[in-house]
Amino acid sequence: MSDAPPPPPPPPPAGETGASTTAAWYARPLTWVIAAVAVIAVVVVVVLLSGDDDTETEASSTTDVEQTTTTVEESTTTTVEETTTTVEESTTTTVEETTTTVVDVVPVKIDESPLRADLLRADPTDYEMPFEDGEVEAHWYQWDGTYVVVFAGWDATKGDPQCPGSSILNADDEFEFLSSSPTAEGACEPEDRYLDGGVELIAIDDPMGARVCGSLVLFHTIIPVLNDDGTPREGALWASVERIFEGGFVGSNSDVAINGTAVAELLPTAEAYSVPAGWLPDGQTVAIC
């Protein structure tokens, strides 16, 4: 016997191959369905992954815009608040410093005097006085042995400068201790007209004479309160406000008899005075010198 292999089987007859394949598909339909489902699942996953990439891109762009907006708002608000605070602090400090200045002066109080009289026009000329008849009242006081007169109601800041004066009319109807003093330079000119009449002119910077304190006018006269023997001086006290006009004296005068009346002391060089209502304009009651 020989060891040679057996011969191969004969090929199938022609026309039987297609029939076998069709028969195999019908024999295993579930396998084909599973394959189709797997393909569809792969397509769906690919589509979803593409959508996620687009969403992430949009989200990233939105975040960048929000961060930029926040930075701009913070910078603008901080700058405006700092500027406003600086201006308010500077203004408040200036006003407080200005208000504090006027309170250190303690005014000397002036009460009405028992020796007082209204000033009345003494001439018929057309010269315009700074006040009308009866608007100004002369009040008499004393200081350091001589009389002091206060012109209550005369606003020295209005009208022309004047040359107030004072004297005493004695029992023999003679004027004594005549003096005049200007409220401003040049008010008692020409000086020779006063000097020729026996009037002593007191300079504007002299402690005696006229003194203007705001709207208030005081006059420290040279009229002694007592006689040489120490007895009270008698007669009539005269106060005047006048000028030289067209060659003559024009103005207003007042006179009041002493008759043994005692008057209060009044410091004529104080820094301020507190006076009764009506003595100063616009309802003021304090005159600052």
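Nothing in this text is a laboratory measurement; each read-out follows from the coordinates by a stated rule. Only a predicted model underlies this, so the values are computations on that prediction, with no experimental measurement involved. So basically every Cβ, Gly included, is an ideal-geometry build from the backbone, and we count neighbours across all protein chains shown.
Mind checking which of Leu115, Pro224, Ser166 is farthest towards the positive end of the stretch 105-288's charge dipole, using Cβ charges of +1 (Lys, Arg) and -1 (Asp, Glu) about the Cα centre?
It is Leu115.
What's the local net charge at Ala122, with K and R +1, D and E -1, over the other residues with C-beta under 13 Å away?
Surrounding charge for Ala122 is -3.
In nm, to one decimal, how far is the Glu191 label point from the Thr269 one, both placed 7 Å along Cα→Cβ?
Here the answer is 2.2 nm between the modelled labels.
Calculate the all-directions average of the projected area of the stretch 127-214's alpha-carbon convex hull, and give it in nm².
6.8
Translational D (Stokes-Einstein, µm²/s) of the stretch 105-288 at 37 °C and 0.692 mPa s when Rh comes from the Kirkwood sum over C-alpha pairs?
Rounded, D is 199 µm²/s.
Please give, to one decimal in nm, the separation of the simple spin-label points placed at Val105 and Thr125, each 7 Å out from Cα toward the Cβ.
Output for this residue pair reads 3.4 nm.
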